[in-house]
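Since the structure comes first, as structure tokens, the remarks are kept for the end.
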Amino acid sequence: MRLSTSLRELIGKRDFYAGGLMLLLGLGIALKGSSYRAGTLMHMGPGFLPTALGILLVLLGIAIAAASLAPGADEHGDDQSLLPEHPQWWAWFCILMSPIAFIFFGRYFGMAPGTFACVFIAALGDKTASWKGTVILASVVTVFGVSLFSYFLQVPMPILTWRGEF
Amino acid sequence: MIEQALSGLWYGFGVAFEPHNIMWCFVGVLVGNMVGVLPGMGPLATISILLPLTFGMKPVGAILMLGGVMYGAQYGGAICSILLNLPCHPPHAVTCLDGFPMTKQGRGGVALGLTVFASFVGASWGITEMIFLSPLLVKAALQFGPAEVCSLMLLGLLAGSTLARGSPIKGVAMTVLGLFLGSVGTDLETGSERYTFGMTELDDGIELIALALGLFGIAEFMNSVNQVAPINTKYTNVGIKDMRPTKADMKRAFFPMWRGTIVGSLCSLIPGTGPTIASFVAYATEKKISKHPEKFGTGLIEGVVCPEASTHSSVQGDFIPTMSLGIPGDAVMALLLGALMIQGIVPGPQLISQHPDIFWGLVASFWIGNIMLVLLNVPLIGIWVKMLAIPYRFLYPSAMFFVCIGVYAANNDFFQVGEVAVIGLFGYVLLRLGFHPAPILLGFVLGPRFEENFRRAMLISRGDILVFVERPISAVFVALCLILIGSQIYFRLKGAKADLEPAAENAVSDEAAPELAAQQVRATPAE
């Protein structure tokens, strides 16, 4: 009985997931690291330090998860929820898509379309964004950004192109 | 000794007064002051955005500018916290406590004026300390072999991760993760690929700029998008006339200012305790020795100038271990060190003798930059105050563009732009899980050098791991590491017990301070 309540308590804690993530990362690092030559302590191979770090990360992950069960661990004032109070899925999606759009439009159509798409998509994430305001913002940043980076700083990226054929 | 330092300083002024250097210094402090004022942009993100632009510059100009961004942002951050009650940057969280009540009483201008003055005093002290202490440290550090360097780095990493914000174990986990990320790519000694998963773009390792912009740019934007409360500009009507303090104010601020400066400089000598901790310790000390501690928090000028002087003295002091030992105390310093490394300069004790222009030029530029900041902040206060009103919905999309183009320009490669998106997502997951990603950068920058020195130490000692405790200097560092870990565990156990007792102690005790700063920054309280 007691085991199941403490298990339930554990699953409700954020640090359980924090520790778990570190544990998984550490395991991955250590397993992949053991495929490289470890060598001896005197002549260390490329796999020695990463594997050691992976093992250390596994131990730290266990410690983080265990510490969340200690009495008084809750009183640090941190919120224990995994998601913030108002999850912003749309805004997060927009922010993450913005570099992707920059890559796509930048590679195939040049710096100006890339910049415009990057700013436009990112700006859509704000809940007060309007189409008009977003277009204006993206245009202003495009004009300013292209003149700064292309003319002044000479970043070798064509301003306008078609499907990447320079 | 003193003569040598003064002649070095004289030489440094010569370097810093070269027209292009003084221009870059000005650009740096201007941009720094600007982002310091803007809520939601930090010096870390700004320095990483500017980093690719410095590749074409000479190393001196580059480091002068990036350094300027860092201390410029500290000046700007004070405006934000005093007038808006928004601690945009953690070191200024404590300034809000007395700064904003002063603003409500209509004395915000006075608080700002004295803050600028106190900041200048604090910074000047920090610079003086740097001039005289760095050569001494270098003299000691030149005797270090690989074993000493290794254990010193270990101490720096441990201090940086356990004394910073948040839970110490999580900090250490982040450092370990950073050390690992530093090992991705081609192994320097054997030339074999590590963790590249067949992607040739990763052969040179993870790009420092992509890591920094992912963690401190994209992850931060994801954290604050649609969460930033609308800004209350009711009190931001401050002009230059309001800034002149009365004689009584000057008198009351004088001693707290110096006490703050001293606390800050002491804090900067302990690796890992950056400006945030310095400001909290200074405030707590000032409150403790004050004759009327109950009045703190109601708008006392002492409660504003003391932490601000301490922040600035510690910011400048943080450059000491970074420049003289090559061991950065926090993530910003790690980034500056990374910038030097990109320029092909090897950080470490030999830096001052091999590149005196960089070291002394930087020291001299600190004076020049701080004077510029005083000049920028006093007459132009109206402009800075107007900038406070720039809404976040314009800010972060524009910043996203700078992130993308900055990462692209580092190598002219789109792969890194994808890298920054992946790192950003990962960084946000870490933030939500209660990790503070700053130690990752610390581990990442020191990682390759740590591995190199560790290997060398092991080779020299013929695989004897005990070499770290057999050599006396190294043994001292290892002992300090153990004391650090021991005291953390001790305070943790003791703290857990104290939590159960209802006795509410000092509101801002030294221990709770970083925690509080983190919370305040997360919550971004608005009136």
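Shielding value for B:432-441 is 3, the average number of Cβ atoms from other chains within 10 Å of each residue's Cβ. Taking the three principal axes of the alpha carbon atoms in region B:124-248, the coordinate ranges are 66, 47, 28 Å, sorted in descending order.
How big, on average over all directions, is the shadow cast by the Cα convex hull of chain B, in nm²?
On the way: hull surface 97.0 nm².
Result: 24.3 nm².
In this simple spin-label approximation, B:D204 and A:F93 carry label points 7 Å from Cα along the Cα→Cβ vector, and these lie 3.5 nm apart.
How big is Rg to Rh over region B:278-333, alpha-carbon atoms, Rh as the Kirkwood inverse-mean-distance radius?
Working: Rg = 14.5 Å, Rh = 12.6 Å.
My calculation of the ratio gives 1.15.
Between amide H atoms placed 1.01 Å from N, distances below 5 Å from B:R194 occur with B:G185, B:T186, B:D187, all of them 5 or more places distant or on a separate chain.
Quick one: compute the contact order of chain B, relative version, from alpha carbon pairs under 8 angstrom and 6+ residues apart, as a percent. Let's see the in-between values first.
Numbers: 942 pairs, mean separation 154.2, N = 527.
So the answer I get is 29 percent.
Semi-axes of the equivalent ellipsoid for region B:384-484, computed as √(5λ) from the eigenvalues of its C-alpha gyration tensor and ordered from largest down, come to 42, 20, 13 Å. The residues packed around B:L66, meaning those with a beta-carbon under 15 Å from its beta-carbon, carry a net charge of -1 if Lys and Arg are +1 and Asp and Glu are -1. For region B:339-483, a crude dipole built from +1 on the beta carbon of Lys and Arg and -1 on the beta carbon of Asp and Glu, taken about the Cα centre, is about 280 debye to the nearest 20.
Which trypsin sites (Lys or Arg not before Pro) does region B:139-235 hold that lie in a coil by DSSP with at most 14 other beta carbons within 10 Å?
Those satisfying the criteria are B:K234.
Calculated on the alpha-carbon coordinates, the convex hull of region B:31-85 measures out at 54 cubic angstrom per residue. Considering all different alpha carbon pairs of region B:239-390, the Kirkwood hydrodynamic radius works out to 17.4 Å. Whole-Hz Karplus values for region A:59-68 come out as 4, 5, x, 4, 5, 5, 5, 5, 5, 5 Hz, taken residue by residue from phi with 6.51 cos²θ - 1.76 cosθ + 1.60 and θ = phi - 60°; glycine and proline positions read x. Among the listed pairs B:K295/B:K386; B:K104/B:K295; B:K104/B:K241; A:K13/A:K127; B:K170/B:K287, those with a Cα-Cα distance over 21 Å are B:K295/B:K386; A:K13/A:K127; B:K170/B:K287. The HN-Hα couplings worked out from phi for region A:30-47 by the Karplus form 6.51 cos²θ - 1.76 cosθ + 1.60 (θ = phi - 60°) are 5, 5, 5, x, 6, 7, 8, 5, 7, x, 9, 4, 6, 10, 6, x, x, x Hz, whole numbers, x standing for Gly and Pro.
Here is the size of the protein assembly as shown from its Cα atoms: Rg then Dmax, 24.6, 76 Å. Over all orientations, region B:167-221 has a Cα convex hull whose mean projected area works out to 4.8 square nanometres.
Kirkwood hydrodynamic radius (Cα pairs, Å) of region A:89-152?
On the way: mean 1/r = 0.0855 Å⁻¹.
Taking the inverse mean of 1/r over all distinct Cα pairs, region A:89-152 comes out at 11.7 Å.
Would you give the gap between the C-alpha center of region B:109-144 and the C-alpha center of region B:337-416, rounded to a whole Å? Cα centroid to Cα centroid, the span is 19 Å.
For A:G39, nonlocal amide neighbours, meaning residues 5 or more places apart or on other chains whose placed amide H falls under 5 Å from its own, are A:G45.
No lab work stands behind these numbers, since they all come straight from the coordinates. Because the structure is predicted, anything quoted here is derived from the model rather than measured. We place every Cβ from the backbone using ideal geometry, glycine too, and count neighbours over all the protein chains shown.
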